[in-house]
Amino acid sequence: MSEWCNNQKKSNNNVRQLLQERIEKVSPRRELNTKETKRLSKLEGIAKIHNMDLHIVNISTGAAVRSIPTWAAYCSSKAAAKIFLDCLGDEEEHVQFEHIDPGVLNTAMQNEVRKSEIETGDGNRYFSNLKETGGLLEPAIAAHKIINTLIGKKIL
């Protein structure tokens, strides 16, 4: 138990290193790629120079906060990612995570989901009904919504 407590109290202001350590514990084969590392390093440097907080935006999904029948793995992984980032933000004084759920988007993934509903005879047809009733957002509209949210929260 004391080892766990010591690990929880670990003080490290290097966000990139913290993320990498946590990722390695969960999935040893997953590493921050070169682009991710460069972006985080640049952001850390800019934030430090200007004595600012680092805001990281997680484009999330409603599946992180509500269940979808037959989607247990997807929903739980999204919820885990959200709470993981919240914990990391609570541990790091100058790092804040913003979670934005833009809604259900009309993407290639949605096409596959709707095909699967038809092929498996899923009586729910939730996503097919969203498409038929105009309930799916186009990605460009979602991007506009995300930008407006960030501007409204004075993150951009």
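Go through segment 77-110 and give me each residue that's in contact with a Phe, Trp or Tyr (Cβ under 9 Å, 6 or more places away or on another chain), over 11 Å from S60 (Cα atoms) and at pLDDT 85 or above.
L85, D86, Q110
Here is a yes/no grid of residues against (1) under 18 Å from the mean Cα position of the chain (by Cα); (2) surrounded by fewer than 13 Cβ atoms within 10 Å (Cβ to Cβ):
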site	(1), (2)
Y74	yes, no
K78	yes, no
F84	yes, no
L88	yes, no
E92	yes, no
I100	yes, no
E119	no, yes
L137	no, no
L150	yes, no
Completion exercise
Counting only residues in segment 50-65 that are polar (S, T, N, Q) and either within 11 Å of the chain's Cα centre (by Cα) or buried (at least 16 other Cβ atoms within 10 Å of the Cβ) (or both), the one farthest from K82 (Cα to Cα) is identified as T61
Handout entry: Those residues of segment 66-104 which are among the hydrophobic types (A, V, I, L, M, F, W, C) and without any contact (Cβ under 8 Å) to a residue 24 or more places away in the chain, in sequence order
Key = W71, A72, A73, C75, A79, A80, A81, I83, C87
Completion exercise
Given the conditions (1) under 30 Å from M52 (Cα atoms); (2) among the aliphatic types (A, V, I, L, M); (3) in contact with a Phe, Trp or Tyr (Cβ under 7 Å, 6 or more places away or on another chain), every one holds for V113 apart from (1)
Fill in the blank from the handout: Residue hits (segment 29-87; more than 27 Å from K153 (Cα to Cα), of a type outside the set (V, I, T) and part of a helix (DSSP H, G or I)) are A72, A73, Y74, S76
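The values are calculated or read from the model by the stated rules, or taken from the named source; none is laboratory data. Keep in mind that what you see is a predicted model, and the values were worked out from it rather than measured. As a convention, Cβ positions derive from the backbone with ideal geometry for all residues, glycine included, and neighbour counts pool all protein chains shown.
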